[in-house]
Every structure is written in C-alpha cells, then in structure tokens.
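Inspection log for the structure reproduced underneath, given as structure tokens.
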Amino acid sequence: MSSKQHAHWSSRLAFILAATGSAVGLGNIWKFPYMVGESGGAAFVLVYLLCIALIGLPILVSEWLIGRRGQSNPANAMASVAEKAGRSRNWMIVGISGILGAFLILSFYSVIGGWSLYYTLNSVTGAFSGQDADGIGALFNGMLGNPGLLLLGHSVFMLLVIGIVARGVTKGLEGAVRTLMPALGVLLAVLVGYGVTTGHFGEAVSYLFNPDWSALSGETVLAALGHAFFTLSLGMGIMMAYGSYLGEEVNLLKTARTVVIMDTVIALGAGLAIFPIVFANDLDLNSGPGLIFVTLPLAFGNMGGGMILGLLFFLLLTFAALTSAISLLEPVVEFVEERTPLSRAMSTLVAGIGAWALGIAALLSFNVWSDPVLFGLGVFDLLDKLTSKFMLPLTGLGAILFAAWRLDRQSVVDELGLSAGGASIWHLVTRYVAPIGVIVVFVSSL
Ligand code: PFF
Ligand code: NA
C-alpha cells in the first residue's frame with residue numbers, strides 16, 4: 001500500500017458532482033431510450049424505476065460505505081474492510097470483478113463516445129438540415145458501415161479520456177460538471193418542448209408511463225435490472241473508489257438520493273424528448289443503439305435554430321460521456337498503478353490502450369466483423385450484455401451482501417445516522433429485498 005496520504009474531495013458538493021458526472025452519461029440519453037423501445041415501453045420503465053429505488057439506491061450507499069471505510073482502490077478496500085470486520089480477504093474478488101467490468105464497459109462506451117463526437121461535427125457542417133428520416137438514417141448507417149470513421153471517433157474519444165486521467169485533473173472537471181450538467185438538463189427541456197409541438201407528445205407519455213404488462217418477460221426484467229446498475233455506475237467499483245475519497249461528514253443516504261434523482265430525471269427527460277419524434281415520423285421503436293442518432297438529428301434538421309441546438313446537444317452529450325468514461329478508466333488505472341511498478345501516466349496508457357484495442361473489435365462488429373462470435377452475438381453486443389446482465393448485477397450483489405451481512409450492524413446504523421425505524425427498513429431492504437430481487441430476476445431469466 002502506498003504511504004501517500006489518500007486524497008479527499010474538496011467538499012460535499014465536489015463529491016456529488018463527481019458521482020453525478022459518473023452516473024449521468026450515455027446510459028441516460030443513448031441507452032435508456034433504446035432499451036425502452038426494444039422492451040415495449042412503460043412496463044420496462046416502471047420495473048426499471050422499481051429496480052433503481054429498491055436495489056440501485058441501497059447498493060449505491062453500500063458501495064460508498066465500503067469505499068469510505070476502505071480508503072483505497074476497490075479490490076484493496078474490499079479486502080481490508082473485510083479483514084477489519086473479521087472476515088475473509090477473499091471478498092476482494094468483488095472489487096476485482098468490478099474493475100474488470102469497468103474495463104470491458106469502457107471499450108464499447110468509447111465507441112459510442114466517438115459517435116457523439118462525429119455527430120457534434122455533423123451539426124456544425126449542417127449535415128442534418130432539411131433531411132427526412134431516410135436521409136438521417138442513411139447518415140447513421142453510413143457511419144456504421146465505415147470502420148475508418150468509427151475508429152477515428154473511438155480513438156479521439158479514448159485519447160481525451162486517457163489525457164484527462166493521466167494528468168489526474170479529474171478535480172478540474174468538478175467545475176465543468178457543475179455548469180454543464182444543468183445546461184444538459186435545460187437543453188433536454190427544450191427538446192421536450194419541441195416534442196410537444198409534434199402533436200405526438202401524449203402518445204409518448206402514455207408509451208412511457210401507461211404499462212402494457214403483457215409485454216413483460218423475465219428477459220425484460222433482467223434488462224431493467226442490468227440497466228439500473230449501468231446507469232448508476234454500480235457493480236464496477238466506481239462508486240466504491242469515489243467513496244474512498246470521502247470524509248466522515250457526508251450523509252450517504254441524502255447524497256445518494258440527490259444523485260439518483262438527477263440520473264433518473266435526465267433519463268426520463270431523454271425519453272420524453274425522443275419518443276414524440278419517433279411517433280411523429282413513424283420511426284422504428286426497435287432501432288436499438290441507433291435510436292437517438294436517428295431521432296434527434298431529424299428534429300434538429302427541421303426546427304428553427306436546430307443547428308446551434310444540435311451542436312450544443314451533441315457537445316454536452318460528449319461531455320457527459322467523457323465524465324462517465326473517466327470514472328470507468330480511473331479504477332483500472334488505480335489498480336494497475338498499485339499492482340505494478342508502472343507510474344500513473346504509464347498505468348493510464350496501458351489500461352487505456354487495452355480498452356481501446358478491445359473497442360476496435362467492438363466497432364468492427366458493426367461492419368466487417370458482424371458475424372456472431374459467441375451466443376449468437378457480435379463483439380459489441382456481447383460486451384454490453386455480458387457486463388450489464390451478468391457482471392454488474394453479480395458484483396453489486398456481492399457488495400450489498402457484504403455490507404448487509406458481514407459488517408457490524410450497529411456500526412452501519414451509526415454511520416448512516418439511522419433512526420430505529422430507519423434501521424429496520426435499511427436492514428429489511430439490504431439484507432432481503434435487494435439481494436433476493438437480484439437473485440430472483442437472475443434465476444428466472446436463465
Ligand atoms: N453510468 C454511466 C451512464 O449511465 O452513462 C455509465 C457508466 C459509467 C457505467 C461508469 C459504469 C460506470 F462505472
Ligand atoms: Na446514468
């Protein structure tokens with residue numbers, strides 16, 4: 001272990017901003033809407049919200065709690081907190097699988113970050129202006145079919161991530177998150193306003209909130225659970241690592257509520273912005289990962305001031321993707337740095353280049369390497385499904401089981417500042433409701 005003093009956040013606000021920066025990203029604006037579209041709408045949304053409240057939030061708090069007690073990278077934190085509580089150091093495996101998950105997610109996340117960069121450029125050149133659905137669709141498919149272009153976007157995005165993490169200027173991003181995140185919220189509100197003018201807003205609202213329960217399957221519920229983990233950056237050691245920079249004075253429950261609400265509002269806002277456009281233009285709900293890249297440009301290309309709004313939107317999306325990607329690279333770097341003789345800069349380079357190389361396999365699966373490699377899935381889908389549906393839930397399950405069953409009960413109650421009633425609810429949720437929820441969903445989908 002290093003003798004350096006472990007750093008701390010400059011303030012409670014700084015911590016909230018960093019955690020929000022990690023949580024709010026492509027998961028909210030790119031992934032959530034297309035998963036809703038693929039899963040049949042409101043039933044998925046409601047299960048997702050339930051997963052966020054009953055499983056995501058308690059796991060978020062558990063991860064912070066373990067990280068704060070461990071004051072180290074996720075693997076070491078799990079081991080040392082377990083040891084202090086008189087438990088096996090093998091709990092370290094939870095931290096390690098989180099770090100591996102972060103690495104795998106970063107590889108394909110960066111590919112989508114590259115799309116966002118390319119679309120920022122497209123807004124500037126006026127590529128969306130006056131286009132109909134076919135034109136916008138052709139632009140998107142042209143991008144997917146062009147490995148060189150995808151590689152360029154992926155590489156530039158990953159370089160930005162590596163550059164930021166290598167300099168350790170994550171702190172400097174606090175200020176940026178503070179202004180850009182609200183700006184993203186405002187822009188989404190403008191787009192929701194545009195959705196109202198399409199005359200299909202009501203249809204979108206009912207699609208998002210009026211459930212057709214017959215559309216629900218074990219598969220859908222597992223997808224909702226997996227996405228709850230993905231969107232809150234859980235099961236990857238990220239929140240554990242962020243918790244390790246946390247002082248005693250921060251109220252974990254209140255802070256978690258803030259982060260969860262912001263993340264959820266942005267995701268629902270994205271849904272409300274996108275689905276009116278989908279219905280107004282008869283677009284395919286099942287467009288998958290391309291959904292926002294075909295709906296929003298259509299709106300930007302056909303509304304007053306659309307060029308500047310489009311530019312702002314894709315810039316902010318790229319920024320939100322960057323702050324999340326940084327949080328994905330950080331624990332991998334921390335781990336490499338502490339486990340090898342490499343310097344921070346070299347560790348960043350090694351981890352970043354590794355994820356970049358894997359990302360190339362992911363982006364080729366959209367064109368020249370589209371044959372399934374395993375379980376009928378291409379590399380991109382495989383990485384996505386493997387992490388979201390399996391690794392994240394299982395790792396998060398490990399974290400919450402540990403916090404609920406292996407830590408001294410009273411010390412947790414004191415640390416969270418719970419009343420007697422609050423303590424009962426906390427124990428009920430973390431010992432039974434959340435873990436059983438994860439296990440049931442998991443088993444029923446197999
Ligand atoms: N939570 C981010 C999002 O919703 O885009 C993605 C992400 C970041 C996932 C960091 C996992 C993570 F550790
Ligand atoms: Na998110």
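Out of the residues in the range 7-37 meeting the condition of being at pLDDT below 95, away from ligand 2 (no atom under 15 Å from the Cβ) and part of a helix (DSSP H, G or I), tell me which one is surrounded by the most Cβ atoms within 10 Å (Cβ to Cβ). The selected residue is F15. When S370 is tested against (1) small (G, A, S); (2) assigned to a helix (DSSP H, G or I); (3) surrounded by fewer than 20 Cβ atoms within 10 Å (Cβ to Cβ), just one condition goes unmet, and that condition is (2).
Condition check: loosely packed, with under 15 Cβ neighbours inside 10 Å and of a type in the set (G, A, S). Does A127 satisfy that? In short, no.
Looking at F293, F300, can you tell me which residue is away from ligand 1 (no atom under 16 Å from the Cβ), aromatic (F, W, Y) and either surrounded by fewer than 23 Cβ atoms within 10 Å (Cβ to Cβ) or assigned to a helix (DSSP H, G or I) (or both)?
Details: F293 fails: away from ligand 1 (no atom under 16 Å from the Cβ).
Unique residue meeting the criteria: F300.
Taking each residue of the range 243-264 that is under 16 Å from A77 (Cβ atoms) and looking for partners that are buried (at least 21 other Cβ atoms within 10 Å of the Cβ) and modelled with pLDDT under 85 with beta-carbon atoms closer than 7 Å, six or more apart or interchain, yields S244/S72; L246/F15. Of all residues in the range 225-252, those that are more than 14 Å from ligand 2 (Cβ to nearest atom) and under 26 Å from L191 (Cβ atoms) total 0. When G437 is tested against the conditions (1) within 20 Å of G237 (Cβ to Cβ); (2) surrounded by 19 or more Cβ atoms within 10 Å (Cβ to Cβ); (3) touching a residue at least 40 places away in the same chain (Cβ under 8 Å), the lone failure is (1).
Among all residues of the range 417-424, there is none that is polar (S, T, N, Q) and either closer than 20 Å to G27 by Cβ or touching a residue at least 40 places away in the same chain (Cβ under 8 Å) (or both).
Could you go through the range 84-101 and let me know if any residue there is within 16 Å of ligand 2 (Cβ to nearest atom) and not polar (S, T, N, Q). Even if it seems obvious, please write down each step before you answer.
Residues of the range 84-101 that are within 16 Å of ligand 2 (Cβ to nearest atom), as a first pass: 101.
Narrowing further to those that are not polar (S, T, N, Q): 101.
Yes - at least one qualifying residue is present in the range 84-101.
From I105, I93, I112, grab the single residue that is closer than 19 Å to R339 by Cα and either touching a residue at least 40 places away in the same chain (Cβ under 8 Å) or over 14 Å from the mean Cα position of the chain (by Cα) (or both). I'd like the intermediate steps shown before the answer.
Numbers: I105 fails: closer than 19 Å to R339 by Cα; I112 fails: closer than 19 Å to R339 by Cα.
Only one candidate qualifies: I93.
The set of residues in the range 310-326 that are within 15 Å of ligand 1 (Cβ to nearest atom) and of a type in the set (G, A, S) comprises A320, A321, S324, A325. Cβ-Cβ distances below 9 Å connect the following pairs, each with a first residue in the range 364-376 that is among the β-branched types (V, I, T), a second residue that is at pLDDT 90 or above, and a separation of six or more residues or different chains: V368/P147; V373/A361; V373/S365; V373/V379; V373/L382. With respect to F319, determine if the residue is assigned to a helix (DSSP H, G or I) and surrounded by 24 or more Cβ atoms within 10 Å (Cβ to Cβ). Here the answer is no, as F319 does not meet what is asked.
Residues of the range 38-52 that are within 16 Å of ligand 1 (Cβ to nearest atom), surrounded by 24 or more Cβ atoms within 10 Å (Cβ to Cβ) and not aromatic (F, W, Y): C51 alone. Filtered by the rule that a residue be more than 8 Å from ligand 1 (Cβ to nearest atom) and outside any helix (DSSP H, G or I), the range 213-234 gives L216, S217.
Criterion applied to L329, L374, L383 was being modelled with pLDDT under 95, within 15 Å of ligand 1 (Cβ to nearest atom) and hydrophobic (A, V, I, L, M, F, W, C), and the one residue passing it is L329.
Return a yes/no flag: does the range 377-385 have any residue that is touching a strand residue (DSSP E or B) at 6+ places or on another chain (Cβ under 8 Å) and not polar (S, T, N, Q). Scanning the range 377-385, I find at least one residue that is touching a strand residue (DSSP E or B) at 6+ places or on another chain (Cβ under 8 Å) and not polar (S, T, N, Q), so the answer is yes.
Filter the range 122-137 down to residues that are hydrophobic (A, V, I, L, M, F, W, C) and outside any loop (DSSP other than H, G, I, E, B) and give me whichever is nearest to L309 (Cα to Cα).
Our first condition is that a residue be hydrophobic (A, V, I, L, M, F, W, C); within the range 122-137, this holds for 124, 127-128, 133, 136.
The next check asks that each one be outside any loop (DSSP other than H, G, I, E, B); those that pass are 124, 133, 136.
Working: V124: 10, A133: 19, I136: 17 Å.
Selected residue: V124.
Of the listed requirements (1) more than 18 Å from P289 (Cα to Cα); (2) within 16 Å of ligand 1 (Cβ to nearest atom); (3) of a type in the set (G, A, S), G114 misses just one: (1). Only a single item in (1) over 17 Å from the mean Cα position of the chain (by Cα); (2) within 16 Å of ligand 1 (Cβ to nearest atom) is not met by Y119, and it is number (2). Summed over the range 235-259, the residues that are outside any loop (DSSP other than H, G, I, E, B) and closer than 23 Å to S388 by Cα give a count of 9. Report yes if some residue within the range 376-397 is buried (at least 17 other Cβ atoms within 10 Å of the Cβ), over 30 Å from L150 (Cα atoms), touching a His at 6+ places or on another chain (Cβ under 8 Å) and not aromatic (F, W, Y); otherwise report no. The answer is no; no qualifying residue exists.
The values are calculated or read from the model by the stated rules, or taken from the named source; none is laboratory data. All of these numbers come straight from a predicted model, not from anything done at the bench. Cβ coordinates were reconstructed from backbone atoms using ideal geometry, including for glycine residues, and neighbour counts include every protein chain displayed.
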